[in-house]
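Okay, so here's the structure we're looking at.
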Amino acid sequence: VNFWLLIGVLAVGTILFRLGGIQIGRRIARSSGTVLARLLYLAPAVLGGLIAAMTFTEGADLVLDARALGLVSAVLAVVLRAPALVVIGVAMLATAASRQLLGF
Amino acid sequence: VRDDGELDPASFRRVLAVICGTVLVFGATYGLLASDLGLTPLEAIAMSAFVMNGGAQFAALGAVGAGAGLIAASLAGLALSLRFLPLGATAGPYLSGGPTRRLTQAYLLTDQGIALGHRHDGGIDEGRYLAAGFGVFLTWMVGTVIGVWGRDLVGDPAEWGLDAAYPALFLVLIAPRIRTDPRARRAAVAGGVLAIATYPLLPAGIPVALAALGAIAGFAGAGSLAPPETDEPTDVL
């Protein structure tokens, strides 16, 4: 594989997706208030997708491992209204600990 | 913490510092992987500078490591950049300025910037979006350099549970809206379910982009589209 070509393709494609997304958002904002109100639900949807994918997948497979315990702990911390840093710390600690102690 | 549930500047800086720490470690992991696969230091660093998307870089190099050619590796990487279309669309209406400025705003578009810039009313705070994007850029570059040259400094991020940091962060940042707006809650759940349900069927990266369709579950159905007033002080940070 020619790495410079790979870098070029990825760089151009990625900036075009970034610019294109922003452009779509701006156009929608100018044209229609209703559609703009609907755009508000894109971020939670994509972030929800990222949370799920980053927790329950490994390579090409769906998995249930230590990260699931981390996420459950994070949910509990959020429900208890813990500060953000505590939530992140609890998730990391629960994940690292269940890896170390349970080998899970 | 402000009464309206928004991040105050001090909390924002603290969270951003933690995020930058994790980006540093993942950058170093990437630099290590890149040099293991035979990229020269210049190629590895240039890839981080020009692509600036860890997911795409890991996916493309992972494909190369698994024997993929240029086209397959490019597609694997680009699939991971596809989510910038919906993420960019959420930010677009709230970013100011002309074409030159827009290029900077686009280059600094990151998951972290969208999450940290996410306002309680569903909009994007441009200052936080740009600051987070810039912090991610800076630490991603430094992390890459450390990984390329400082092999012995890098351990296994999984050992410290670093891979659990992002899901937790994203959760924290959408929590105020999820608490007060049932539509946002439906959108987030639908996005998660869509990503998982399609994950075994589709190439990497596509499921998370598809999760954007979860927004439909948010705005379809009964009720007003305007974000509801906060009925209680949300004390997330």
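The values are calculated or read from the model by the stated rules, or taken from the named source; none is laboratory data. Given the structure is predicted, the values throughout are model-derived calculations rather than measurements. Virtual Cβ from ideal backbone geometry, glycine too; neighbours counted across all protein chains shown. Protein only, heavy atoms only, side chains kept; ligands, DNA and RNA dropped before computing areas. Shrake-Rupley method; radii C 1.70, N 1.55, O 1.52, S 1.80 Å.
When restricted to residues that are within 23 Å of the chain's Cα centre (by Cα) and more than 7 Å from chain B (Cβ to nearest Cβ), region A:1-44 contains 2. If the condition is being at the interface with chain B (Cβ under 8 Å from one of its Cβ atoms), open to solvent by 50 Å² or more (accessible area, probe 1.4 Å) and over 26 Å from B:Leu80 (Cβ atoms), then region A:76-99 contributes A:Arg81, A:Pro83, A:Leu85, A:Val90, A:Leu93. Exactly one residue out of B:Val51, B:Val64, B:Val15 is open to solvent by 10 Å² or more (accessible area, probe 1.4 Å) and of a type in the set (A, V, I, L, M), and it is B:Val64. The set of residues in region B:158-182 being more than 7 Å from every other protein chain (Cβ to nearest Cβ) and either open to solvent by less than 20 Å² (accessible area, probe 1.4 Å) or under 16 Å from B:Cys20 (Cβ atoms) (or both) consists of B:Leu173, B:Pro176, B:Asp181.
Matching residues to (1) of a type in the set (Phe, Trp, Tyr); (2) crowded, with 23+ Cβ neighbours inside 10 Å:
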site: B:Tyr107; (1), (2): yes, no
site: B:Asp111; (1), (2): no, yes
site: B:Gly117; (1), (2): no, yes
site: B:Tyr129; (1), (2): yes, yes
site: B:Phe134; (1), (2): yes, no
site: B:Val145; (1), (2): no, no
site: B:Asp156; (1), (2): no, no
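Selection of first residues in region A:55-77 that are at pLDDT 90 or above and of second residues that are surrounded by fewer than 16 Cβ atoms within 10 Å (Cβ to Cβ) and of a type outside the set (Ser, Thr, Tyr), restricted to Cβ pairs under 7 Å at least 6 apart or on distinct chains, gives the following pairs, ordered by first then second residue: A:Phe56/A:Leu62; A:Phe56/A:Val63; A:Phe56/A:Leu64; A:Leu62/B:Pro200; A:Asp65/A:Phe104; A:Ala66/A:Phe104.
Residue count for region A:68-104 under the criterion of being closer than 27 Å to B:Arg13 by Cβ and either among the polar types (S, T, N, Q) or outside any loop (DSSP other than H, G, I, E, B) (or both): the result is 22.
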